[in-house]
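Take a look at the structure set out below.
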Amino acid sequence: MTPAESRALSAPHREAAAGPDETVSQHTPAGAPARASVATVEPALAGPATPTAVPTAAPTITPDETGADDGAEAPAGTRRRLWTRRRQDLAVGALFLLAAVWVTSRIWLDPAGRAASLYTGDPAQVQFFLAHSVRVVLHGEYPFYTEQFNYPDGVNLMANTAVLALGIPMVPVTLLFGPAVSFVVLVTLGLAGTAMAWYVMLSRHLVRTPLAAAAGAWFCGFSPAMLSHASWHPNIISQFLLPFIVWRVLVLTRSRRPVRDGALLALLVTAQAFINEEILLFTAMACGVFLLAVLAQEPARWWAAWRPLAAGLATCSLLAGALLAYPLYVQFAGPMAYHGLSDAVQDYGNDIAAFFAPGSPTLGGNQRANINLAPNYSEENAFFGWSLSLLAVGVVVWLRRNLVVRALAATGVFFAVLSLGERVSWWDRELVAGPWQWLVHLPLLDAVVPTRFGLITSAVIGLLLALAVERAWALRPADRRTVRKLVVAGLAFALLPIAPMPLRMVSRPPVPKFITADRWRAYVAPDQTLVPIPVPSMGNTHGMRWAAATNLDFKIPGGYFLAPRNGNTGDPGRFGGRPSGVGQMLEEVATTGRTPELDDRQRRRFMDELRHWRAAILVLPVRQQNAEPLRRTVEELVGPGRQELDVWVWDVRTLTDRSV
């Protein structure tokens, strides 16, 4: 609410404007202007030009409340309220940070030696990207493409979520402590920062009760979906810009300075694009669906909102488009660009039963019970549990006369349905075709993982919780204490089964001393590669961690990334680069322990691949799984190696030097 709106709107006027389901707070401090209860806050679409608009009751301090508009010192009562708010904010922030440390506690015990218990590829990939940020800052390396892995084809980093907006600020931590520590710092701050960002937005612009803001923000930051991604995807859980993007979009609908507000929104959009573009797309879609749901109920709002909204969005599009034009060109038309994800990922969807089961990383979670309800354990994007699902439905029914609640409910259900994917199933039993099958091949949407639409539904539930607590706190029954106890009990009943637990971790092999002691430098020139055995791939990412530990001072072939099939720019995407016959053979040996029988054709093919990679040395850790079968296989291909520190080394420079 602007200061002018605050002054113009007296308590009698607000009571007249309030609908039958909109109560007006009677407990304002003496001398302070009364404000409409936020139990039924309406969106920023409610501009002053709308006849039926109810202004947003943002609990911000306006000049009227402080008396500071004429230069006078703020009253003592206002100073006390400000100090109380600051203490509340600090207490809530500390709670969120402690919860995030609790969730990541098992990684903090040994960041370099522990990884997610099921899939180690994503953390290794993120650590590689963090090391790339170091090279961007210290060496001025090109930020959007690299040849440091998948040599010589390279990797399009704009098409691989290289988290530059997270990695560049973390450069001092990466330099001092390594990318493994930076990874766990990002996960911790991603969870706590997202929750705190929602708390700030909710407490300033949607609700007045600190408990209401804290309850909604808690679920937005620590929902089962967020916990599911925390072990692997710090770029997905780092959603601390999203609350402010949403709020700035709503502000545009009643802005008196749409060009300025559109420019502010453009800066937020640009920053989020370098954290995660998929989450940015989800946010834009959610804002669009929410605004359409509001306008469908009250079309008259459109006439007051469309001019500032159009001007602001046009400004945002022009400025953000200019800032992102070149990076997006590289992403969609640059080297190693791809169009669309693989069919397997495009088909990732939630089972309907997933909405009623607790998430695996929660107090009531059960990994075995959830095995067929999500594409994998890193994509549990629903899993609210029966208690919270019933509570969410109950909140919508209770507050059904509230415009915002109805619009939020429509938004949450819409994206919950999309998250089911191309085939709707119940306990892994296919029922009908899903609506996603008609959207999956549209531009931009062909690069979306549909199960992740459940993240929008999670945020909607957080907002509904905040509105429900706010409404309950505004009621005036004879026994206020009893009602508040019931509210707290209801929150505990709904949230306790999905309370966050420490993420499951397993030990992983350390980076070899041969790498950390820089012994490799005696062999590998800047235009050559170090080839880890087995060759890095989606299932074998230890070599990527070796390179990351040196801040990518040497190149490696292969790796875990998204690239066009067969290395042809513009083809559909796949995980990994060009298929490698020898790489696949060594991966099979590492998995099975069986040594294959090799012929001259396979040996020639292996030598061709080594020359293509410009290999200098092949490195096999002594303690690698099935190290002995791997050593025998490599020796059959290139001859005997020698042990140096904790690895076997094969110097193949004389075999791969093209000048010889």
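Across region 603-660, what is the number of residues that are farther than 20 Å from Pro509 by Cα and among the β-branched types (Val, Ile, Thr)?
Taking region 603-660 as the starting set, the residues that turn out to be farther than 20 Å from Pro509 by Cα are 603-617, 632-642, 650-660.
Okay, now just the ones that are also among the β-branched types (Val, Ile, Thr), so 617, 633-634, 638, 652, 654, 656, 660.
So the count comes out to 8.
Of Ser387, Ser425, which residue is out of contact with any Lys or Arg (no Cβ under 8 Å at 6 or more places or on another chain), in a helix (DSSP H, G or I) and of a type in the set (S, T, N, Q)?
The match here is Ser387.
For the residues Pro234, Pro210, the requirement of being farther than 20 Å from Leu408 by Cα, in contact (Cβ under 8 Å) with a residue 24 or more places away in the chain and over 14 Å from the mean Cα position of the chain (by Cα) singles out Pro210. Of the residues making up region 469-483, those that are touching a helix residue (DSSP H, G or I) at 6+ places or on another chain (Cβ under 7 Å) and either polar (S, T, N, Q) or part of a helix (DSSP H, G or I) (or both) are Val469, Glu470, Arg471, Ala472, Trp473, Ala474, Val483. Can you find a residue that is touching a strand residue (DSSP E or B) at 6+ places or on another chain (Cβ under 8 Å) and small (Gly, Ala, Ser) anywhere in region 157-174? Checked against the condition, which is being touching a strand residue (DSSP E or B) at 6+ places or on another chain (Cβ under 8 Å) and small (Gly, Ala, Ser), region 157-174 yields at least one hit. Take the conditions modelled with pLDDT under 95 and not aromatic (Phe, Trp, Tyr) and apply them to Gly365. Does it pass? So Gly365 passes the test. Checking each residue in region 394-430 for being under 16 Å from Ala353 (Cα atoms) and free of Cβ contacts under 8 Å to residues at least 60 places away in the same chain picks out Val413, Val417, Leu418, Arg429, Glu430. Screening region 247-260 for residues that are surrounded by fewer than 22 Cβ atoms within 10 Å (Cβ to Cβ) and touching a Ser or Thr at 6+ places or on another chain (Cβ under 8 Å) and picking the one that is nearest to Phe183 (Cα to Cα) gives Val259. Kindly indicate whether Val173 is over 21 Å from Gly543 (Cα atoms) and either touching a residue at least 40 places away in the same chain (Cβ under 8 Å) or not polar (S, T, N, Q) (or both). Yes. Being part of a helix (DSSP H, G or I), out of contact with any Asp or Glu (no Cβ under 7 Å at 6 or more places or on another chain) and within 30 Å of Ala304 (Cα to Cα) is a property that Arg254 lacks.
Of the residues making up region 553-585, those that are in contact with a helix residue (DSSP H, G or I) (Cβ under 7 Å, 6 or more places away or on another chain) and surrounded by fewer than 17 Cβ atoms within 10 Å (Cβ to Cβ) are Asp571, Pro572, Gly581.
Within region 405-417, is there a residue that is aromatic (Phe, Trp, Tyr), under 30 Å from Ala159 (Cα atoms) and not in a loop (DSSP other than H, G, I, E, B)?
yes
Of all residues in region 238-251, those that are closer than 19 Å to Gly167 by Cα and assigned to a loop (DSSP other than H, G, I, E, B) have Cβ atoms under 6 Å from Cβ atoms of residues that are modelled with pLDDT of 95 or more and of a type in the set (S, T, N, Q), 6 or more apart or on another chain, in Gln239/Thr194; Phe240/Thr194; Leu241/Gln272.
Count of region 338-355 residues, restricted to those that are at pLDDT 95 or above and surrounded by fewer than 21 Cβ atoms within 10 Å (Cβ to Cβ), is 2.
Among the numbered conditions (1) in a helix (DSSP H, G or I); (2) modelled with pLDDT of 55 or more, the only one that Ala74 does not meet is (1).
Given the condition of a type in the set (Ser, Thr, Tyr), modelled with pLDDT under 95 and within 30 Å of Val103 (Cβ to Cβ), answer yes or no: does some residue in region 147-165 qualify? Yes, region 147-165 has at least one match. Within region 516-534, at least one residue is in contact (Cβ under 8 Å) with a residue 24 or more places away in the chain, in a helix (DSSP H, G or I) and touching a Leu at 6+ places or on another chain (Cβ under 7 Å).
Pairs meeting the criteria (first residue in region 71-83 and surrounded by 14 or more Cβ atoms within 10 Å (Cβ to Cβ), second residue modelled with pLDDT of 80 or more and not hydroxyl-bearing (Ser, Thr, Tyr), beta carbons under 7 Å, at least 6 apart or on different chains) are lacking. From Glu628, Glu588, which residue is surrounded by fewer than 19 Cβ atoms within 10 Å (Cβ to Cβ), acidic (Asp, Glu) and within 36 Å of the chain's Cα centre (by Cα)? Exactly one of Glu628, Glu588 is surrounded by fewer than 19 Cβ atoms within 10 Å (Cβ to Cβ), acidic (Asp, Glu) and within 36 Å of the chain's Cα centre (by Cα), namely Glu588.
With respect to (1) over 14 Å from Leu252 (Cβ atoms); (2) in contact with a Gly (Cβ under 7 Å, 6 or more places away or on another chain), the lone exception for Ala305 is condition (1).
Counting only residues that are surrounded by 15 or more Cβ atoms within 10 Å (Cβ to Cβ), more than 21 Å from Thr592 (Cα to Cα) and more than 42 Å from the chain's Cα centre (by Cα), how many does region 631-650 have? Total satisfying the criteria: 2.
Taking the listed residues Ala225, Ala165, Ala217, Ala212, the one that is surrounded by fewer than 24 Cβ atoms within 10 Å (Cβ to Cβ), touching a helix residue (DSSP H, G or I) at 6+ places or on another chain (Cβ under 9 Å) and assigned to a helix (DSSP H, G or I) is Ala165, with no other qualifying. Just one residue in the set Arg604, Arg611, Arg631 is in contact with a Phe, Trp or Tyr (Cβ under 8 Å, 6 or more places away or on another chain), assigned to a helix (DSSP H, G or I), at pLDDT 90 or above and not hydrophobic (A, V, I, L, M, F, W, C); that residue is Arg631.
Yes or no: Ala131 part of a helix (DSSP H, G or I), of a type in the set (Gly, Ala, Ser), surrounded by fewer than 22 Cβ atoms within 10 Å (Cβ to Cβ) and out of contact with any His (no Cβ under 9 Å at 6 or more places or on another chain)? Show your work before the answer.
Working: part of a helix (DSSP H, G or I): yes; of a type in the set (Gly, Ala, Ser): yes; surrounded by fewer than 22 Cβ atoms within 10 Å (Cβ to Cβ): no; out of contact with any His (no Cβ under 9 Å at 6 or more places or on another chain): yes.
Spelling it out, it is not the case that Ala131 is part of a helix (DSSP H, G or I), of a type in the set (Gly, Ala, Ser), surrounded by fewer than 22 Cβ atoms within 10 Å (Cβ to Cβ) and out of contact with any His (no Cβ under 9 Å at 6 or more places or on another chain).
If you go through region 77-105 and pick out every residue that is more than 30 Å from His229 (Cβ to Cβ) and modelled with pLDDT of 80 or more, you end up with 10.
For Tyr119, state whether it is farther than 30 Å from Trp198 by Cβ, out of contact with any His (no Cβ under 6 Å at 6 or more places or on another chain) and not β-branched (Val, Ile, Thr).
no
Here region 192-209 is the region considered, the condition is being assigned to a helix (DSSP H, G or I) and in contact with a Ser or Thr (Cβ under 8 Å, 6 or more places away or on another chain), and the residue that is surrounded by the most Cβ atoms within 10 Å (Cβ to Cβ) is Thr194.
The values are calculated or read from the model by the stated rules, or taken from the named source; none is laboratory data. Everything numeric here is computed off the predicted structure, so don't read it as measured data. We place every Cβ from the backbone using ideal geometry, glycine too, and count neighbours over all the protein chains shown.
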